[in-house]
Amino acid sequence: CKVVFACDNSAAAIDTHARNHPHAKHMVCELPCELPLPTDGRPFHLHGSPPCQKFSSVNKNAGLHQNKQPSIDMVEWYVRFALASRATSWTMEQVPAAEVLQMLERIRLEDVGAMAYAVFDFSKLGVPQTRKRVVAGSPHLIAKLRREEKQQNVRSVRGAIAKPRGTHIRGSNSYRRETQREVVDTNGKKRYKYNRAKWSDYCISID
């Protein structure tokens, strides 16, 4: 595939993308808005990845957000936009949060056969990272991903990067939980003591 268009509301992100794809058209915008998709019948694939911070389990403040509706609305807008577009095929990648899965199932039942979705372990798709994401899109593409996942094409970071600069990758966690320091607060809820992780904690070999 050839990347021909990309949009984001971050000018810095678009600038970085433009450096990697100088021949593509780039647009800084707030979605939803009019997008310059082909209308002359040419085949093209449409991919979207709406912001997922409020759904991500890595975001320790995700549970504190009282209103996830704007994020859910953005995901739903993209799915409906993709279904209504003239795209030959389309996909969307998102955190498999319960709210997202419920919304996708609701849209799927509105027109059975128009779209499909599934949660994939990306490490089994050849991506050197332990990440689970829901991918929605054209049914034949989701079916293809299901078949590829069953083949468990697992590979390491060293297998993906020809000349790595180190031997380990450190995870994003900055604190380590000590379960033996478990305490019970006045409301009867269990609490845990967290200590700042050492540099050697959460290190994973690139092999």
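The values are calculated or read from the model by the stated rules, or taken from the named source; none is laboratory data. The shown structure was predicted, so the numbers you read here are calculated from the model rather than taken from an experiment. No Cβ is skipped: glycine too gets one built from the backbone with ideal geometry, and neighbour counts run over all protein chains shown. Quick note on the areas: whole protein, heavy atoms, side chains included, nothing else; ligands and nucleic acids left out. Shrake-Rupley method; radii C 1.70, N 1.55, O 1.52, S 1.80 Å.
Listed values, structure above:
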{"quantity": "Among (1) surrounded by 11 or more Cβ atoms within 10 Å (Cβ to Cβ); (2) in contact with a Ser or Thr (Cβ under 6 Å, 6 or more places away or on another chain); (3) modelled with pLDDT of 90 or more, the one test that Lys54 misses", "calculated": "(3)"}
{"quantity": "Selection from the range 112-125 of residues that are over 15 Å from the mean Cα position of the chain (by Cα), open to solvent by 30 Å² or more (accessible area, probe 1.4 Å) and in contact (Cβ under 8 Å) with a residue 24 or more places away in the chain", "calculated": "Gly113, Ala114, Lys124"}
{"quantity": "Selection status of Pro70, at pLDDT below 90 and within 15 Å of the chain's Cα centre (by Cα)", "calculated": "no"}
{"quantity": "Subset tally (residues that are assigned to a loop (DSSP other than H, G, I, E, B), closer than 22 Å to Phe122 by Cβ, open to solvent by 70 Å² or more (accessible area, probe 1.4 Å) and modelled with pLDDT under 80) for the range 150-201", "calculated": "1"}
{"quantity": "First in the range 1-24 and closer than 18 Å to Gly48 by Cβ, second anywhere and among the basic types (Lys, Arg), Cβ under 8 Å, 6 or more apart", "calculated": "Val4/Lys25; Phe5/Lys25; Ala6/Lys25"}
{"quantity": "Some residue of the range 21-31 being surrounded by 14 or more Cβ atoms within 10 Å (Cβ to Cβ), of a type outside the set (Asp, Glu) and under 17 Å from Ser85 (Cα atoms)", "calculated": "yes"}
